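These notes are about the structure you will find just below.
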Amino acid sequence: MTAREMTRSSRMSDRSRALALLAGVIALIAASVVVALYDQNQTVARDRAGAEVQARVLADTVTAALSFGDRAALREYVGALRANRGLDAVGVYDGRGRLVAGFTRSRLAPNLADTLTPATAGGRIIVHAPVAQNGERLGTVYLRDRSEPLARRLGRYVAPGFLVVMALLMFLITSLDARRLRRANRALETQIAEREKAEAALRQSQKMESIGRLTGGIAHDFNNMLAIILGSLDLLLRRHADADPKILRFAREAMAAADRAADLTRRLLAFSRLQPLKPTSADIARTVNHISGLLRPTLGETITVETVVAGGLWRAHIDLSQLETAIVNLAINARDAMPRGGSLTIETANTYLDRAYAEGELEITPGQYVMVAITDTGAGIPPELLAQVFEPFFTTKPVGAGTGLGLSQVHGFIKQSGGHLRLYSEVGVGTTVKLYLPRSLTDAEQPKPAVARARPGDRRDLTVLVVEDEAGVREFATEALTELGFDVLSADGAGPALEILDAHPEIALMLTDVIMPETNGRMLAQEALHRRPSLRVVFMTGYTRNAIVHNGTLDADTHLVTKPFTIAELGAELEAVLAGPG
Amino acid sequence: MRVRARPMTASRSLPRLAVVLALLCPPAPAPAQTALETAVKATFLYKFAPFVEWPASQSVPSAPFAICVIGKDPFGSALDRAVNGQRVGARPVVVRRLSVAAPDSPCQIAYLGGSRTQSVREGLGLLRQAPVLTVTEDPSERGIVEFTSAGGRVRFRLDDQAAAEAGLTISSKLLGLALSVTPRKE
């Protein structure tokens, strides 16, 4: 039984309870009214019977006096009745209907005329009794009761009235109670629902995180291996350019495959949010226009690409190259969802995610975001798969057609960038992915320093220290630097590296791995810079969990080459460092 | 039933009925009765009837109800006028004037006026066991009913014991109205 069903049944029992209560109250009121009416009738009947008895007694008493015309006696008899405060009027009439004796308390004189139909009038009881002796009618006694005093009448209604009031009060209290209970129940349900939602989101995020750690670990090892493979092949091709063309072709194919492998590990790292990002204050409008221009020929003629860029779009604090990759990944997914063509729309807008929105989701900070929405008119994603699509290696494409890493790259990258993404999909209608990129308040992109690219093979009067615990990578780096014309020294750890630094003041630059046993690259760099403030440091890493990356972004003034790298990439980065300030 | 014993006051006697009108007349000596008093007494004679129960033998429905005036007759035509058209139950009321009383006199009510041939005492003696309501006016020779005058009004005393001897039952209502009652012996 779900919470909602329970709620419904409890609400129904609430309603039936309220109905039963209402029926009880109505029954009680009806009973009170019946009792009151019965009591009223009883009282009237009793009063009437009493009045009749009194009239008969008076009639008997006055018989002889009336017969013998003894007025004084009549007045005495009638006068005795004055003691009865309940009597309103008394009259004794002779055989001819003439009033012989009587009194009245009200202005209404006793009147034999209303004797003809003895009735209660205005709450008064009027009774008559014949005065007769041995069948001989001698006259009539008229007797009128006072109307029942208000206090006495009210007194009779006190008990049923009290019952009714208590019943109503009870009903009121119970229904108020029930309403309060219902309200509390509803609040509780809402809370439970919110908590369930939050728990589901937390579970999902924990799952993603553990998958991320796993893939990140694998990617790290793979990157080291790929660095060696790629580096060795690179060296082979450079140093033995005159070798047997067949050998060179095999080497190039091996290198191409290794490149693809490196690309895969990069996506894995992106998903696990462990790739080093270089966020800048990026112009999203320009990027979107640029990418849509690239996409049009790529997606083919059957798919139209529309771009809707809002005016005055903010800048976003984001790594542009990764954003481009993300949009391309989403566009590829859109294309695959529209085999018979359709339209792809990229929209941008400034949005504000408020507290209410942020509360429903994990990992969202309320604030200003630049929204990029990519909408296709494709097959859509069934609701039951929506939660899974961001998981790595999840794909709806046929085996071999997709890696299952596209959306996971997008997800990991956006989350790592402090953004947020939302997926809306309806089967048969299409899918919209909304990316929320954190707004940048910095105005412009930092201009990249112009780099004078050195030609490889030039000798140069510079000594570089390579620090790398993994022998294969160290050897490749050493060879690569030699190839680039540097003098190279190498160390397999922080301790030897510092010794070499002290012994060789000519070292101008240190290229160090980040993750090493005992002392990591960051700490080594700090110590080295302490000893040699003029030293330039370049980190190389394939996987950065700590040390130089904080919250997924590089510290300022930190230079990094990402493993695996080619000799040319390494050369370019070193040139940039040497040309820069410091 | 209450036994009356009340003083009469002039202020409570309003001059509406004939009985009360008597008050306005100058008091007259007892033997010389006024015409009004006589008329009232004549009326009283038949008015006693409903309040008295005669033995069953006397209650023959077809026979007239007889009021007898024995001896001296003070009423004259006043009595005839008073009983004219009156009935006791279904029985018409008749007036019989007798010179002497006898135990079998056909009377239900008998007014004993007395005469030379038969004094009131003798008449009462003869009627003692008879089912006849005897009425007298002589304080020394009392019948079952004795007319008297009190406060200028015609009143009566009742001898319930004598009624019992005669086999009559007097209604308590009438006993209540009497000036005085000689109670029955237990």
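Here are a few things to note about the model shown:
- Subset of the stretch A:34-66 that is within 14 Å of chain B (Cβ to nearest Cβ) and of a type outside the set (A, V, I, L, M, F, W, C) - its residue that is nearest to A:Gly97 (Cα to Cα): A:Thr63
- Within the stretch B:131-172, the residues that satisfy the criterion of being buried (at least 19 other Cβ atoms within 10 Å of the Cβ), in contact (Cβ under 8 Å) with a residue 60 or more places away in the chain and within 11 Å of chain A (Cβ to nearest Cβ) are B:Arg153, B:Val154, B:Phe156, B:Ile170, B:Ser171.
- The stretch A:92-104 - residue that is out of contact with any Ser or Thr (no Cβ under 8 Å at 6 or more places or on another chain) and buried (at least 19 other Cβ atoms within 10 Å of the Cβ) and, of those, nearest to the other protein chains (Cβ to nearest Cβ): A:Val100
- Filter result for A:Gly69 (over 60 Å from the mean Cα position of the chain (by Cα), at pLDDT below 85 and either within 14 Å of chain B (Cβ to nearest Cβ) or more than 30 Å from A:Val158 (Cα to Cα) (or both)): yes
- Among the residues of the stretch B:95-121, those identified as over 18 Å from B:Lys47 (Cα atoms) and either loosely packed, with under 13 Cβ neighbours inside 10 Å or within 14 Å of chain A (Cβ to nearest Cβ) (or both) are B:Ser99, B:Pro103, B:Asp104, B:Arg116, B:Thr117.
- In this entry, A:Leu268 passes the filter for residues that are assigned to a helix (DSSP H, G or I) and in contact with a Gly (Cβ under 9 Å, 6 or more places away or on another chain).
- Residues in the stretch A:471-511 that are among the charged types (D, E, K, R) and not in a helix (DSSP H, G or I) were compared, and the one that is surrounded by the fewest Cβ atoms within 10 Å (Cβ to Cβ) is A:Glu506.
- Selection of the stretch A:126-153 for residues being more than 30 Å from B:Ala49 (Cβ to Cβ) and modelled with pLDDT of 80 or more yields A:Ile126, A:Arg144, A:Asp145.
- The listed residue being surrounded by fewer than 18 Cβ atoms within 10 Å (Cβ to Cβ), within 14 Å of another protein chain (Cβ to nearest Cβ) and modelled with pLDDT of 80 or more, out of B:Pro61, B:Pro15, B:Pro55, B:Pro92: B:Pro92
- Qualifying residue in the stretch A:273-282 (condition: surrounded by fewer than 20 Cβ atoms within 10 Å (Cβ to Cβ), in a helix (DSSP H, G or I) and not aliphatic (A, V, I, L, M)): no
- A:Ser281 in the same structural domain as A:Val389 (by TED's automatic domain parsing) and farther than 18 Å from A:Thr432 by Cβ: yes
- When A:Asp221, A:Asp242, A:Asp234, A:Asp177 are checked against the criterion of being of a type outside the set (Gly, Ala, Ser) and assigned to a loop (DSSP other than H, G, I, E, B), a single residue qualifies: A:Asp242.
- Residues satisfying the stated conditions in the stretch B:42-52, i.e. within 10 Å of another protein chain (Cβ to nearest Cβ) and either over 19 Å from B:Pro92 (Cβ atoms) or part of a helix (DSSP H, G or I) (or both): B:Thr43, B:Phe44, B:Lys47, B:Ala49, B:Pro50, B:Phe51
- Residue in the stretch A:80-91 that is surrounded by the most Cβ atoms within 10 Å (Cβ to Cβ), counting only those that are modelled with pLDDT under 85 and of a type in the set (D, E, K, R): A:Asp88
- In the stretch A:517-559, the residues that are among the hydrophobic types (A, V, I, L, M, F, W, C) and either over 25 Å from A:Gly472 (Cα atoms) or modelled with pLDDT of 80 or more (or both): A:Met523, A:Leu524, A:Ala525, A:Ala528, A:Leu529, A:Leu535, A:Val537, A:Val538, A:Phe539, A:Met540, A:Leu554, A:Ala556
- Restricting A:Leu87, A:Leu74, A:Leu28 to residues that are more than 15 Å from A:Ile125 (Cβ to Cβ) and more than 14 Å from every other protein chain (Cβ to nearest Cβ) narrows the list to A:Leu28.
Here's the yes/no breakdown for (1) more than 14 Å from every other protein chain (Cβ to nearest Cβ); (2) of a type outside the set (Gly, Ala, Ser); (3) within 21 Å of A:Arg17 (Cβ to Cβ); (4) within 60 Å of the chain's Cα centre (by Cα):
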| position | (1), (2), (3), (4) |
| --- | --- |
| A:Val131 | no, yes, no, no |
| A:Asn134 | no, yes, no, no |
| A:Leu143 | yes, yes, no, no |
| A:Gly155 | yes, no, no, no |
| A:Gly161 | yes, no, no, yes |
| A:Phe171 | yes, yes, yes, yes |
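The values are calculated or read from the model by the stated rules, or taken from the named source; none is laboratory data. Owing to the predicted nature of the structure, the values given are computational and were not obtained by experimental measurement. Using ideal geometry, Cβ is built from the backbone for each residue, glycine included, and neighbour counts are taken over all protein chains shown.
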